[in-house]
Amino acid sequence: MSKQPFIVLGAGLLAVAMWCWVQYVAIPHQQADAARLGVPRGNLSDLYPRWLGARELLLHGRDPYASDVTREIQIGYYGRPIDPARPNDPKDQQGFAYPVYVAFVLAPTVRLPFEVVQRGFLWLLIGLTAVSVLLWLRVLDWQISASAKIPWIVLAVGSFPAIQGFKLQQLTLLVAALVAGAMYALTRKHFVGAGILLALASMKPQLVVLLALWLVIWVAGNWRERQRLFWSLAASGAALVMGGEIVLPGWIGKFRASSAAYYQYTGGGKSVLDVLLTPVWGRLVALILVAVMLNFAWRWRRESEASPHFQWSLCLVLATTLLVIPMFAPYNQLLLLPVAMAIVRAVPRLWRGTRLSRFLLGVAAFAALCPWIAAAGLVIALWFLPAPTVQKAWVLPLFTNFTIPVTLWAVILTARGHLWVKSSDV
């Protein structure tokens, strides 16, 4: 009897458990905590500051980075302007803090009520996340059956990074889908389309800067054939920057000031490495990891977009990005989806490899599965214990949040010789 129905069922149960934990444990805990401390709660949509800023810029010509617009954003996001005199008020001012050209992406929505935009964007993100699973499978050239794709889609949509992104309407999920689309286009030699999609993904520049740098090095490895990617990316990026300058002259300086203010009032941007190793050691290790990534990028710059080395380099770039960017929110981990796919595909070979590869594989598997298992345990506990008691342990599914990107990076780096197999070998 085929194991596939049981795998689909298991994936479905884990996804349902995660959604239930968020809905009936994590959110009620946050609501109770906010009521106890007097913390304001409005729509709490990360889309709202960008949407309102885009609306005010495009419809009324107002500066989305200005303090008066930030105050209006706070009224919608928190329900009232935050008050520095209140010790329990949030520190995040929820300023625009994005490149101004994000307004071009949101332009079709600025005349609609935000409630309509919010609902529509939620379903858009869910659909894009599901489609990105299929795109990454194509990028990695992993040919599996339609029924085998279902668990990947279910677990992706039912992972905490995705659910957190859905609940917050986080633009990171849109960027992750754009990156998946760009890499799919690239592997099909649609270099112009890949450059355009990657330029659009730069609405969150910290998420794509290493990816763009790697691709520039890769283009240099075969300039004659690949130069269209470079020119497309450069032209699209220039068009976005100049378009932003037309609608808001001097926006780059305003964006830099807004970003600096964001890091200041949120206590400074910290990466996963900064949290695990302290900021000084974290930055030092980050430099080393980027140097390692660039070394492999240069070494394999001549490899084709269909080669195993190209796929491995892509996974290394994404894993490195998650470790060094100055943020550690779980929703960013959706960019690790192709990394997880590559590792799962190679599990048989990894397990037959060295003791180190088996150890790292086991640690990575524990780190990745722990959130779903812990969420399932807390949801089951709701049947037997009072909700306030269960909610005290709400943080358990986040126990391995910092471990996941570290362990996946370690598996990718140390087991590169075992990871890349033809789909016919699986």
Would you mind computing Rg(Cα) / (2.2 N^0.38 Å) for the chain, counting N as its residues? 1.00
Separation of alpha-carbon centers, the range 122-187 and the range 43-72, rounded to whole Å: 28 Å
Pairs of lysines in the chain (C-alpha under 28 Å apart; 8 or more residues apart or interchain): 19
Return the single residue from GLY193, GLY120, GLY53 with maximal mean-square fluctuation; model: Gaussian network over the chain, springs between Cα atoms under 10 Å. GLY120
Which loop chymotrypsin sites (Phe, Trp or Tyr not before Pro) in the range 367-412, with loop taken from DSSP, have no more than 12 other Cβ atoms within 10 angstrom of their Cβ? TRP383, PHE384, PHE399
Stretched out fully, how many nm does the piece from LEU398 to ALA329 gain, at 0.36 nm a residue minus the Cα gap? 23.8 nm
Here the convex hull volume per residue of the range 52-205, taken over Cα atoms and given in Å³, is 130 Å³
Along the charge dipole of the range 270-426, which of SER271, PRO348, VAL406 sits closest to the positive end, that is, farthest toward it, with unit charges on the beta carbon of Lys, Arg, Asp and Glu (+1, +1, -1, -1)? PRO348
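The numbers here are math on the coordinates, done by the rules we state, and not lab data. Predicted model only: the values in this text are computed from it and were never measured. A quick note on method: Cβ atoms are made from the backbone with ideal geometry, for glycine too, and the neighbour counts reach across all protein chains shown.
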